[in-house]
Each structure stands twice: as structure tokens, then as C-alpha cells.
1. Counting other beta carbons within 10 Å of each Cβ, put B:Arg240, B:Arg147 in order, fewest first.
2. What whole-number distance in Å separates the alpha-carbon centres of segment B:182-252 and segment B:58-72?
3. Add -39500 (n - 2.57) for each DSSP H run of 4 or more in the protein assembly as shown, then divide by its residues: what number comes out at 222 nm, to the nearest 500 deg cm²/dmol?
4. Taking other Cβ within 10 Å of each residue's Cβ, how do A:His163, B:His182 sort, fewest first?
5. Stretched out fully, how many nm does the piece from A:Thr43 to A:Ser228 gain, at 0.36 nm a residue minus the Cα gap?
6. Rounded to the nearest 0.05, what FRET efficiency do A:Ala186 and B:Arg91 give with R0 = 30 Å and r taken as the Cβ-Cβ distance? Could you check?
7. With charges set only on the Cβ (+1 for Lys and Arg, -1 for Asp and Glu), what does the dipole of chain B come to about its Cα centre, in debye to the nearest 20?
8. From the phi angles alone, apply the Karplus equation (6.51, -1.76, 1.60; θ = phi - 60°) to segment A:72-85 and give each ³J(HN,Hα) in whole Hz, x where the residue is Gly or Pro.
Amino acid sequence: MNLARWYMKAMLTNGSLWFWAVAFMAMWLGIGAFLESLGVASTRSAVVAYTTSWYAVIVLIALSLLAAVIAGSYAYGSSALAYAFRYSRLTPAGYLASIVGGSALLGLVLNVVLLGATAGMFGLRFATTILPADPAALLGVSLLGGVFFMALSSTLALLAINHLGLRSADFVGYVPLVLSFVLGNAQVYVAFPRWFVYGSPFNDLTSLLYQGYSGNPPTVELGTAAVSLGWVPLLLGILVWTAALVGCTLVLLRRIRARQLEERRQI
Amino acid sequence: MLDIRGLTVTFPGTTTPALRGIDLRLEGAKMVVVGANGSGKTTLIRSILGLVAPSSGSIAVGGTDVRTIRGEPGLSTNLAEVYRLMSLPVRDLVRLFARLKGGDPAEMEGHLRSFELDPALGKRLYELSTGQQKLVGDLFAVSFGPRLVLLDEPFDNVDFGRRRRLVGLLRALPADVLLNTHELELLGSFADWQLGLMFEGQLLGPFSVAELDRLYLTRGEVRGALAVLRSSVGTFSVTRDAGDRPVKSATSLNALVESLA
């Protein structure tokens, strides 16, 4: 049973998601374009690298905000899911398939909006056209990113709901955001070893977004030399993480425990 | 349709059970369970829905244990928490649940219109008044061809005119019904239904609402009693035609027990 249409509607009419994942992130893009860019060299390659770095990190954080909203939706609907799996035609696999499809499309929507904001603001600041080199790859990565963050937040939220309680579910909803902020930004400033970037889904996504926008593979330092990251291991890395987390979500959904919203009260 | 045997529920961190050895069978029947707030009525419904795990005993719906039941759209409830599947306007929730239950959304939209709740269609559940939320839950429960309906305080915060219409709808509903209420004065509307009395997690009955005038509560354990209640304030018996206090005279079951304790 496909619920993706309703899931998309619920998400796309969520004012908080639009404010935090779009307006707030667009504000940061504006800061990157107009305030932080004073020291950027005026060469085309420097401008593209600078613009793309901002874009990749901002999209990663926007997707993690989507993850926070999804985690909250489990806290809100744990009783409804437990009921629907027993007393309706909805199955855990059917529900998961719906939110996989819906989250992929939401990732796409967020990416397209932020892509436009990036190209517009950075193009205006540097008085040049900075369009993505491989839009099709970017669209694919954003679909995958939406699914990855949905699966990550679902796994964390369901673990908390099934074993810890709604209070913990509220906190774990922010884990993807914290990891995205730290690892996404750190990749700009820290020379991570290659194995770490390939193994980290957050850095896989950032790197693929960087490559899709700039057309150049991101690099890591190996001794004194800069080594390019291959897109195949990056893609494999995020695919494996996503598949594993989707599997975990399905197992946890089948055992979802109903919690009452009052339990969510922190104070 | 519903078969409960020896159901006991004790919540984590507590020693006093919320439900104590409940036995209940409902097949081709409708039952009102009367009890004060906190007596365990909602916990009973949440247990049947699979939202609360039993500490012991069993619950079967349509012959299948609730712990393993899947894909049985014939059971429905008015508890609002089960309709929070997604944050959507009521109109979309109606369509969504019609699809999940295999029903026609026009049926519930018709109910909403007849209860003058059309304006609720464009609002989310949390945007409705408490009474509107309760009625929308009630109408979800009776829509889409249910075979067993579990109603928790369906008349709370509902105005008099709509109460009457809801009573008529429930009486005519071709389904088994388990209806919880703390309002003894409502019983007159359900004269041909079964009656259960709930106190401190124990369910006494089934009696018949029609014989309410003949039921008495009596101190101690009386030989030949219809049911015996062992509570924290003493032991009482439900007797017929004679006893210490007529059940009908009480404003609530708590008040009745307290008057004898």
C-alpha cells in the first residue's frame, strides 16, 4: 500500500521543515556568499571550489534537518503505527516503502531549492555563472541522501521508542544533525584519511555532492600529495549504509512499541 | 469476536496492577463498561488494541492473539492517538484510513456532515476542540465497516444534541461494541446492551443494562452473589433484588463503593 502521497503532503506542509531546512539554510548560504567570501581568490577554480564546499555542507545539514522532522514523526505516531500494523491493511514493509519513496523525493526537493539558492547567491556575489557540472548526478545523490537520512533517523528514533522512551527519542532526533554539522564542516578543514571518508556516509554524501556540482573529485591529503577520491567507493559507501539502515528500520518497525505523547514531556 | 482471559496489566515501576484478571467474551453483543476515571477502562481498550502489553493472560480478536495479529481491519476505536499516523487535515486522514481499512471515505464524510463537522475536514486533529476531536474519533470508529468497535468515553465534551445522534448511530451499528463510560446516567440509552462494572482494575459482569434497577451492592461476600469485588477498601458483592445500596442510585461507582466502605 503506497502512502507516499500523504507522507509527502504531510512533510511539504510542515512549516518547521521549510523554515529550518530551507529558509535557515538559505540564510547560511547568504552568509557564505556575501560575508565569509571576502578572502576568496578571484580565480574560477577557487570560486567554484568555495561555492561547492558551501553547497555540499549546507545540503547535508538540510537533509539532517529533514531527519530530525522524520524522527519526531515517529514519536508523534508510534501508537498509530502499532495500531495500523495490527488493525488495517498497512504492513511495516509497505509503510517503509512509502517513506523511502517520499523521503527520496523530499531530498530532491530540498536539493533543488538549495541548488537554486546557491547558484543565485554565489553567482551574484562573484558576478559569474556557477551552475552544477553534473545535475543528473546531483539529483541522484539527493534522492539517495533523502533515503539515507530517513533510514538513519528512523533507526535511531525507533531504537529509542522501542527501548528507551519518548524523551530519548526527542534527543536522538538531533544526532544526524550534530554528526552532519561536525563531519561535513570538518571535511573542509581537516585532512581525513581516505578510508574514513569512504566509510563515513556523511562524508560520502558531501564528497558526491561536491563532485556533482564542481565536476572535480574532492581530494584528501596523502603525505604531502593530494589524492582524488573515487566516486565509485563513495557511492558504494553510502549505498551500503543506506541498505543496512533500511533493513534495521524494517526490523524495528515490526516491533514498534506504542508510546503515549505525554511521555514526551521533558519538564 | 473478542475473547479475554485472565488479563492482568501491571505498568513498569508500579506494584499495583491496572487490570486484574479480566475475563470478557464479546460475540454478537454490545457492552457498556461503567467505571470511575482511573478504574482501568482505557487500559483495557489499549490492551485490546495491542498498545499495552499484558503482564499475564490473553486477548484474542477474531480467534487470533493480539500479540501476533496483523492486517485485521475489522477492529476500530475512537482513541485519537491511533489516528495520528501523519500530520494531515482530517479530510486526508479520512481518505488515508478509508484506504487502510478498505472502506469508502464518503461514508465518514457523510457522518461528519450529519454531525455538522464539515469545517473539521480542513483542519488537523490538534486544531479541533476537545469535543470535536472526540467526535471525529467516534466517527472514525464507526466508519469503514468495523466488526468490533472499542469506544473510550465517546460522549465526553459532546453536546446534548450530538450525544443523542451518536447514541442512535451506536445502537444501530451492525458490529460488536465495547463502550467505556464513567456516566451512569447514560445507561438508560442502552437498555438492551450488556453491562460491566469496573472498579480498581476488576471487571464485574456481564450483567444486563435492563436489570440495572435490580442490582445492589452489598458489604462483604454474600452467598449466591452475582459477582464479588475485592477492593482496597473492602469486599463487596453485587446482588440482585436486595442489598445495601441500589447500583442505580449512585452518581458513580466510586461514590457507591465509598458509601458502603
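Bear in mind that the values in this text are calculations on the coordinates, not laboratory data. Source: prediction; values computed, not measured. As a convention, Cβ positions derive from the backbone with ideal geometry for all residues, glycine included, and neighbour counts pool all protein chains shown.
1. Values: B:Arg240 13, B:Arg147 16.
Neighbour counts put them in this order, fewest first: B:Arg240, B:Arg147.
2. The two parts, judged by their Cα centres, are 30 Å apart.
3. Working: 16 runs with 257 residues, N = 528.
Value at 222 nm, helices only: -16000 deg cm²/dmol.
4. Working: A:His163 11, B:His182 20.
Listing A:His163, B:His182 from fewest to most nearby Cβ atoms yields A:His163, B:His182.
5. Working: separation 185, 0.36 × 185 = 66.60 nm, distance 2.07 nm.
Working it through step by step, the gained length comes to 64.5 nm.
6. On the way: r = 46 Å, r/R0 = 1.54.
Computed FRET efficiency for A:Ala186 and B:Arg91 comes out at 0.05.
7. Working: 30 positive and 29 negative charges, 56 e Å.
The dipole magnitude comes to about 260 debye.
8. With coefficients 6.51, -1.76 and 1.60, one gets x, 5, 6, 4, 5, x, 4, 5, 4, 5, 4, 5, 5, 5 Hz.
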